[in-house]
Amino acid sequence: MRVPVEGPEEDIIEQGASPVDDVEGPPADVATDEEQEPEVAPEDELLDTVVHILSTAGAYSVLHPGCGIGRWARRLADAGFQVTAFDLASAMVRGAAAAAQASNRAIKYLVDDPSLPTRQTARYDGLFAPNLLHQLGFRERQRTLRLLSKCLRPGGVAVVTVLSTRDKLYGHGREVEPDTFEIVPGQTMHFFTEDELAYELERYFHVAFLDITREIETDHLGGRREYVVLVAGGIKRET
C-alpha cells in the first residue's frame, strides 16, 4: 500500500535524563550513460522518502529516538530540520555529538531510552523512529508509540521504518512470537507485513503513507548490509 502524504542548540549531551548503512556502441534509440538519469542509491531513496513525508506535513523540529551513532540525525540536519536525537547508549551518543560539533551541525543529542521516552509533550512537529519498533515486543511497541505520540504537537507527523517479512533474515533463528525470531541469543527481531504495521500505527496515527524499500548500512570498515524495510508516515490522532 502506497499512499502519498497530504498536507496537513547548540550540541549538548544530557546525562541521566529521566527514564523514559571490441564493444559495439548502443543502438541509436538507446540513451548512452551520459544521457541517462543518474541512478539513485537505495539509501538516498529512503532519505528522500523520509524528508518528503516530514516536509509535506510542515515539520521543522524533529525528534529522533534510537539515533545510535547519529547517521540519520546528520542527514536530517543537512536536509534542514532542527533535530533532537537520543539513545540509551551513552558512548554512541557522545561520539555522535562530537562528530556533529566537528562538522558544525546543530543537533541536540540526549541520553535517554528510545522505548521509554520522556521528552517534552506536544513540542515537536515531527518524529523519525528508524529500526526501533521491530526490536520490541507487541506490548512494548504499543507503549512506545503512545509515549512518542505524546511528544508531537497536534497535527504532528511520525515516520517509522521496520524490518519487512520479505527481508532475507526472516525465518532465521527460533520463533518466539508470530513473525518474531531470536536471530542470535538474546536478540529478537519482529518482521512486519504492511497490514500489520498499518494496524499497529493506526491507534495513534492516521497512516497516510506506507511503502516497501531498501536500507543500506555501511560500517566503519566499509562493509555494506542491505535490508528490506517498510517505511510509514502518519499524522497524530486527536486525543
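The values are calculated or read from the model by the stated rules, or taken from the named source; none is laboratory data. Worth saying up front: this structure is predicted, and the values here are computed from it rather than measured. Virtual Cβ from ideal backbone geometry, glycine too; neighbours counted across all protein chains shown.
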Worksheet item: Which ones in segment 147-169 are in a loop (DSSP other than H, G, I, E, B) and either more than 20 Å from residue 67 (Cα to Cα) or aliphatic (A, V, I, L, M) (or both)?
Response: 165, 166, 167, 168, 169
Worksheet item: Out of segment 52-92, which residues are assigned to a strand (DSSP E or B) and touching a strand residue (DSSP E or B) at 6+ places or on another chain (Cβ under 6 Å)?
Response: 61, 62, 63, 64, 65, 82, 83, 84, 85, 86
Item to complete: Test residue 213 against the stated conditions and say whether it is among the hydroxyl-bearing types (Ser, Thr, Tyr), surrounded by 15 or more Cβ atoms within 10 Å (Cβ to Cβ) and in contact with a Pro (Cβ under 8 Å, 6 or more places away or on another chain).
Response: yes
Fill in: Which numbered condition residue 220 fails, given (1) modelled with pLDDT under 95; (2) part of a strand (DSSP E or B)
(2)
Worksheet item: Take the residues of segment 19-51 that are part of a helix (DSSP H, G or I) and of a type outside the set (A, V, I, L, M, F, W, C): which is modelled with the lowest pLDDT?
Response: 42
Discussion item. Checking residue 141 against (1) closer than 16 Å to residue 62 by Cβ; (2) charged (D, E, K, R); (3) in a helix (DSSP H, G or I): exactly one of these is not met. Which one?
Written reply: (1)
Item to complete: Restricting attention to segment 82-113, report how many residues are in contact with a Phe, Trp or Tyr (Cβ under 8 Å, 6 or more places away or on another chain), surrounded by fewer than 22 Cβ atoms within 10 Å (Cβ to Cβ), within 22 Å of residue 51 (Cβ to Cβ) and not polar (S, T, N, Q).
Response: 1
Worksheet entry | Residue list for segment 170-202, restricted to those being outside any strand (DSSP E or B) and either more than 19 Å from the chain's Cα centre (by Cα) or among the polar types (S, T, N, Q) (or both) | 170, 171, 172, 173, 178, 179, 185, 186, 193
Fill in: segment 116-137, subset of a type in the set (Gly, Ala, Ser) and crowded, with 20+ Cβ neighbours inside 10 Å, residue nearest to the chain's Cα centre (by Cα)
129
Worksheet item: From the residues in segment 223-239 that are assigned to a loop (DSSP other than H, G, I, E, B) and charged (D, E, K, R), which one is farthest from residue 47 (Cα to Cα)?
Response: 238
Worksheet entry | All positions within segment 112-132 that are assigned to a loop (DSSP other than H, G, I, E, B) and either under 20 Å from residue 192 (Cα atoms) or at pLDDT 80 or above (or both) | 112, 113, 114, 115, 123, 131, 132
